[in-house]
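All remarks here apply to the structure that follows.
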Amino acid sequence: MTREGDFQELIHALKPVRETYYPAPQAMEQTLREYQKAGYQWMRTLDSMGFGGILADDMGLGKTVQALAFLCATKAYPALICAPPHLLTNWRREIDRFLGPAIRVHVLRGLTPHDLPEGEIYLTHYLLLRGWKEALPKMGFRTVIFDEMQELRHAGTEKYSAASLVSSAAENVVGLSGTPIYNHGGEIWNVINVLDFHFLGDWESFSREWC
């Protein structure tokens, strides 16, 4: 069954969204464009309601900076950011640019879990999740951000299982993707399931009703 009560709560709560204003972090006020401020407002609103969500702006519209504004405002550290390997350098650069040197960043290396230094933000990529599957949920991440979240559109893999475990242990879970549905509608069920287990109901009900 779909979590009808939660869905109706979400719809009801979103009605007065324009009346609830979350000022952008002062350090980033001049950086964010107006539509990025709207995305930031949306993430803060969902966070205040206890929901996760996917920011589905198209490529190049600044999903990274909106997510960093969310972190800057909420201070919900430590945070884990998971992205494709080729984007980790960009994340590191943007963190330094927008959040400053006071934010300690550590990049996870290798498939074997090991002790990590204290920090505010930890970066990893999807290929490493399976090795850290048991360790990550115990590390006390308050926020988990999945960049290019369509990487989790296929259930039944160790990567998917690890992502589900670490997200279920976090307070805030945010997805970023310009293409949350890649090939067919059923993929969105897998993606949303990582953000909020069975928010779209069980797979049989969802596929029967919507696919």
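The values are calculated or read from the model by the stated rules, or taken from the named source; none is laboratory data. Everything numeric here is computed off the predicted structure, so don't read it as measured data. In this analysis, Cβ positions are derived from the backbone assuming ideal geometry, glycine residues included, and neighbour counts consider all displayed protein chains. Please note that ligands, DNA and RNA were not included when accessible areas were found on the heavy atoms of the full protein model with its side chains. Shrake-Rupley method; radii C 1.70, N 1.55, O 1.52, S 1.80 Å.
Observations
- Loop-resident sites, the stretch 131-208, for trypsin sites (Lys or Arg not before Pro), counting at most 16 other Cβ within 10 Å (DSSP): Arg142
- Largest-first principal axis extents of the Cα set of the stretch 72-113 (Å): 31, 20, 15
- Per residue, the Cα convex hull of the stretch 130-211 amounts to 84 Å³.
- Accessible solvent surface per residue of the chain, calculated while the other protein chains remain in place, 1.4 angstrom probe, Å²: 52 Å²
- Lys, Arg +1 and Asp, Glu -1 on Cβ, resulting dipole of the stretch 119-209 about Cα centre, debye, nearest 20: 220 debye
- Set of lysines with alpha-carbon distance to Lys37 below 23 Å, sequence-local pairs under 8 removed: Lys15, Lys63, Lys75
- Think of it as helices only: each DSSP H run of n ≥ 4 in the chain is worth -39500 (n - 2.57), and spread over all residues that comes to -11500 deg cm²/dmol at 222 nm.
- Straight-distance crosslink candidates among lysines, where the alpha carbon sits under 16 Å from Lys159 and sequence neighbours closer than 8 are dropped: Lys133
- Accessible surface of the chain, 1.4 Å probe, proportion on carbon and sulfur as whole %: 53 percent
- Convex hull volume per residue in cubic angstrom - Cα atoms of the stretch 51-176: 103 Å³
- Summary value for the chain: 24 percent relative contact order, contacts being C-alpha pairs under 8 angstrom separated by 6+ residues.
- When you filter the chymotrypsin sites (Phe, Trp or Tyr not before Pro) in the stretch 135-211 for DSSP loop state and at most 15 other Cβ atoms inside 10 Å of their Cβ, you are left with Tyr182, Phe197.
- For GluC sites (Glu not before Pro), the sites in the stretch 69-170 that DSSP calls loop and that have at most 16 other Cβ atoms within 10 Å are Glu118, Glu134.
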